[in-house]
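See structure below.
Bear in mind that the values in this text are calculations on the coordinates, not laboratory data. None of the values given here were measured: they were computed from a predicted structure. Backbone-built Cβ (ideal geometry, glycine too); neighbour counts: all protein chains shown.
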Amino acid sequence: MVGFSFLGLITVLLVYQLIGELIVLAFGWPVPGPVIGMFLLLMTLLLRQAWSPYLVEPAQQFLRYLSLFFVPAGVGVMVHLTRIGEEWLSILVALVISTLVSLVVTAWVMLGLAKLLQKAKLGAK
């Protein structure tokens, strides 16, 4: 099946990011534009499922190079190493608390979904 090219996928991602940025600027929402863009892309893929097969191959190519996106983050850490050294305690506390909150919320959602699926399974019998 012929689909989008790798460049086509990047273009789709950037267009949705741009749309998200424009929405954030227009409404003044305190949410990053790329988050809105990815949500809109998700909604598009759910509503227009015919697109999904065309994005599989370029998405797999994109995932092969995903580690390159961590290079700027690593450089940023090295540039701000002294600041990280000065504020290590607050950074550590934020990381630990956010990790614990994420684990608790994930467990809570999984339990809720398990109960929902169990009810649906019992209701289907």
TODO: Would you be so kind as to identify all helices of the chain, as entire DSSP H runs, whose Cα atoms reach 27 Å or more along the helix's own axis and whose mean Kyte-Doolittle hydropathy is at least -1.0?
DONE: 6-27, 88-124
Open item on the list: Loop-only GluC sites (Glu not before Pro) in region 20-102, please: DSSP not H, G, I, E or B, and at most 14 other Cβ atoms within 10 Å.
Closed with: 87
Open item on the list: Run lengths n ≥ 4 of DSSP H only: what is the helix-derived mean residue ellipticity at 222 nm for the chain, with -39500 (n - 2.57) per run over all residues, to the nearest 500?
Closed with: -27500 deg cm²/dmol
TODO: Could you compute the FRET efficiency for residue 106 and residue 84, with r as their C-beta to C-beta distance and R0 at 22 Å, rounded to 0.05?
DONE: 0.20
- [ ] Quote the relative contact order of region 1-47 in percent (integer), defining contacts as alpha-carbon pairs under 8 Å separated by 6+ residues.
- [x] 34
Task: the chain - convex hull of alpha carbons, volume per residue in Å³ - done: 192
